[in-house]
Each structure stands twice: as structure tokens, then as C-alpha cells.
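Working notes, beginning with the structure itself.
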Amino acid sequence: PTYEVTNSLVIITPPTLFINEVLTINLSDTTDYAIQFEDWFEVYNPNSTAVSLAGYYFSDNPENPRKWQVPNYDIDSVTVPANGWMLFWADEDIGQGIRHASFRLKNNDESLRFTSPDGITLVDEISWVSMDADSSYGRITDGASQWVTFVDTTPEASNNGALVNMKEETANNF
């Protein structure tokens, strides 16, 4: 029941933002502020103005798109600069800071979903079959539609010009 409250749904159209890079097995790549090697994902903001991610959602479970909401108690810490990047830790350790998600990422058959503050509107999503340790899966250039494996990861930096591990696909002749 919504006594004295409207039943209308408010859809929040988000600005263009991208999940730009993901790392799921961090053995020696990048450490968080607690000096721990944790899974991470990066958001890229191609806009000419900064965008606060306070209130946005991330999830590794398509059935629960509101799994973790970016806190709004320190908006400056979750504001992606114009034409910039922001790293989030997927380590199930929200006590370590505002950019620590309440879930971990798997390296096999996993996905990451990014939803606007209305909890419904999809901003971006990615899924992968497998990742190697200390290699990330990212857009070949920032915001591009093609995803590749990076041998040299680029957390909170441009993917443009990063060292890519390209695997040659062979055709199956039946």
C-alpha cells in the first residue's frame, strides 16, 4: 500500500557510462588501500562533465540487479571525472571503503550488470566465459563495443594502446 503517495514509477535515464574493464583473479596486479589484491571493475565516463555514481547499482547476479548500491555518503569519492575512469573493488568487504562492492567476481561464466538509481534502467553489462590470472577483460578502446583480454591491465587509465592478448580463432570444418 502507498497511502498518500503516488503509485507512479520514475525512470531515471542515466548519462552514457561504460563498464570498461574487469579483472577477476588478482594475484599481483593492483592493490586496494588495504594493500590487498582483490577483484576489480572499472567504469568509464566519456562525457564532458563529471558523473556521480551514488545510488547506482552493480550486480554479478542477473536475477538480483540491485545486489549492491553505490553509497551516497561521500559523493566526491564516487564521482567519475569527465572523460575519466573509476575503479571499484569486488571483494565483499564494504567495511574497507565506499568503492568496495558486496560481491566477488568469478573468472568462469560470470557477468556484471550496471543499473541506474531507479534500479531498473540498464546502464551497461558484460559477461565472460573465462579469465586468466592478472589479465583483465576490457573494451579494446575506451567505450568501444569490442572486448579483448589485456595482458597489461589499465585500472583507472585509458585502455587505448594497452597490450592486448589476441587469440587466433580457428574455424571448425565439419
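What to note about this one:
- Long-range amide H partners of Phe150 with built H, under 5 Å: Ser136, Tyr137, Gly138, Asn165
- Per residue, the solvent-accessible area of region 1-155 (1.4 Å probe, heavy atoms of protein chains only, all protein chains present) comes to 49 Å².
- When only the Cβ of Lys, Arg, Asp and Glu is charged (+1, +1, -1, -1), the dipole of the chain relative to its Cα centre reaches about 380 debye.
- Length released on extending from Arg104 to Leu163, taking residue separation times 0.36 nm less the Cα-Cα span: 18.7 nm
- Whether the chain is rounded, prolate or oblate, judged on the alpha carbon gyration tensor where a/c under 1.5 counts as rounded: prolate
- Span per principal axis, largest first, for the Cα atoms of region 53-150 (Å): 35, 29, 27
- For Ile12, nonlocal amide neighbours, meaning residues 5 or more places apart or on other chains whose placed amide H falls under 5 Å from its own, are Asp118, Thr121.
- Mean separation of Cα pairs under 8 Å and 6 or more residues apart, divided by the residue count, gives the chain a relative contact order of 23 percent.
- Taking only protein heavy atoms and a 1.4 Å probe, the accessible area of the chain is 49% carbon and sulfur.
- Computed FRET value (nearest 0.05) for Asn47 with Ser111, which takes r as the C-beta separation and R₀ as 25 Å: 0.50
The values are calculated or read from the model by the stated rules, or taken from the named source; none is laboratory data. Note that the coordinates shown come from a computational prediction; the quantities given were computed from them, not determined experimentally. Counting neighbours? That spans all protein chains shown, and the Cβs are built from the backbone with ideal geometry, glycine included. Heads up: the accessible areas ignore ligands, DNA and RNA and are worked out on the full protein's heavy atoms, side chains in. Shrake-Rupley method; radii C 1.70, N 1.55, O 1.52, S 1.80 Å.
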